[in-house]
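Colleague: This is the structure, below, for whatever I ask next.
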Amino acid sequence: MTNPVTEDTHDFGTGQLKASVRNHGAELIALRSGDEELLWNAGAAWPKHSPVLFPIIGRLPECEITLDSTPVRLKQHGFARDRVFRWIARTPEGCTLELVDDAESRAIFPSAFRLRMVYLIENNTLRVSYHLHNPDSTSTLHASLGAHPAFRWPLKEGVAKDTYRLVFEYDEPLPVRRIGADGLLLPEKQHTPLRDNVLALTDALFEKDALIMEKPESRSVDMVGSDGTGLRFVWGGFKELGLWTKPSANFLCIEPWHGYATPAGFKGDFSQKPGLLHLKPGESWAAFWSVKAI
């Protein structure tokens, strides 16, 4: 999709933490704590930093479905990451950006929406907030919304990649879900690779794509290496959590979502797709994630 608005970047931060956001996709493109870069550099292995996933997460069957008999044609993770958002506010501590439906979006997703992204750095913590509103006076907005930030793995030079682990707030005994070769959610649930509240990070975990936690109890996780340093990731409002990388790539995505890829075999109307938000006329929804170095 194209947009005539000029692309631009906003740099902000306080104390040790500095960030950059661009209006193309409202994407976080840099996050530095002191001399350490926390965010993946969008290198050859995966040319993204932290895309916004809307109005779907994952894929649709054949990238097409219907909503009340109207075609919905969306590629993987939707279109928000490819649109230029409008700047609402830019300050030394953060920024706010907005995307609303238009003729171009309605041609592939026939629903009204207003999506605002708010970035704020306080106390050496970056908070990223998602605000979705249904401005339509008669129709329900059916959509998913998710985050996809990629952090460096390893975070520090000289710390071995396979010494890193994720330490969750609580034990996470529930099974996990996986994605098939066609990008759709497999029906089978698998035993979790976590041991109590710890996930030892290895490339082998991601040879079959993402790990999906449908109902995590935790709302925070620490990514730490053998030297005891790392980052703390906190989220709220989202229901699911995805973990993903490309094996041998030097990043790890920690992805809170409301929604997930279409289950394999699903044939219903888009409004019945599992995992969606359903915002009635005038309703709003909000969620956030935050990160800081530890």
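Colleague: Less than 14 Å Cβ to Cβ from residue 284, Lys/Arg counted +1 and Asp/Glu -1: what total charge do the surrounding residues give?
Modeller: 0
Colleague: Which lysines does residue 239 reach when only Cα atoms under 26 Å apart count, and residues fewer than 8 places away in its own chain are ignored?
Modeller: In chain and number order, the partners are 48, 75, 189, 208, 215, 267, 273, 280, 292.
Colleague: Given R₀ = 45 Å, FRET efficiency for residue 88-residue 161 by Cβ-Cβ distance, to 0.05?
Modeller: Plugging the Cβ-Cβ distance into 1/(1 + (r/R0)^6) gives 0.70.
Colleague: Find the centroid of the Cα atoms in the range 60-89 and in the range 204-259, then give the distance between the two in whole Å.
Modeller: A separation of 24 Å, based on Cα centres.
Colleague: Here's something else I'd like to know. Could you tell me the distance between the Cα centroids of the range 146-184 and the range 118-145, to the nearest Å?
Modeller: Answer, in whole Å: 24.
Colleague: Count charges around residue 257 for me, please; just the other residues with Cβ under 11 Å from its Cβ, Lys/Arg as +1, Asp/Glu as -1.
Modeller: Combined, the nearby Lys, Arg, Asp and Glu give -2.
Colleague: Kindly identify the range 47-206 as rounded, prolate or oblate by the Cα gyration tensor criterion: order the square roots of the eigenvalues as a ≥ b ≥ c, call it rounded if a/c is under 1.5, otherwise compare a/b with b/c, prolate if a/b is larger, else oblate.
Modeller: Judged from the Cα gyration tensor, the range 47-206 comes out oblate (a/c at least 1.5, b/c at or above a/b).
Colleague: Sum up the charges of everything whose Cβ sits under 10 Å from the Cβ of residue 170, counting Lys and Arg as +1 and Asp and Glu as -1, but leave residue 170 out.
Modeller: Net of charged neighbours comes to -4.
Colleague: Please go through the range 199-286 and write out the chymotrypsin sites (Phe, Trp or Tyr not before Pro) that DSSP classes as loop and that have at most 10 other C-beta atoms within 10 Å.
Modeller: none
Colleague: Okay, next question. Sticking with the crude label model, points 7 Å out along Cα→Cβ, report the distance from residue 64 to residue 42 in nm, one decimal please.
Modeller: Between residue 64 and residue 42, the simple spin-label model gives 3.1 nm.
Colleague: Follow-up. How many nm separate the modelled label positions at residue 140 and residue 188, each set 7 Å beyond the Cα in the direction of the Cβ?
Modeller: 3.4
Colleague: If a/c stays under 1.5 just call it rounded; otherwise compare a/b with b/c (prolate if a/b is bigger, oblate if not). Do that for the range 203-294, with a ≥ b ≥ c from the square roots of the Cα gyration tensor eigenvalues.
Modeller: Taking the square roots of the gyration eigenvalues as a ≥ b ≥ c, the range 203-294 is oblate.
Colleague: Quick check: pseudo-label points 7 Å beyond the Cα along Cα→Cβ at residue 204 and residue 114, how many nm apart are they?
Modeller: Each label point is offset 7 Å from its Cα along the Cβ direction, giving 5.1 nm.
Here, each number is a calculation from the coordinates, and none is a lab measurement. On a predicted model such as this, the values are computed, not experimentally measured, just so you know. No Cβ is skipped: glycine too gets one built from the backbone with ideal geometry, and neighbour counts run over all protein chains shown.
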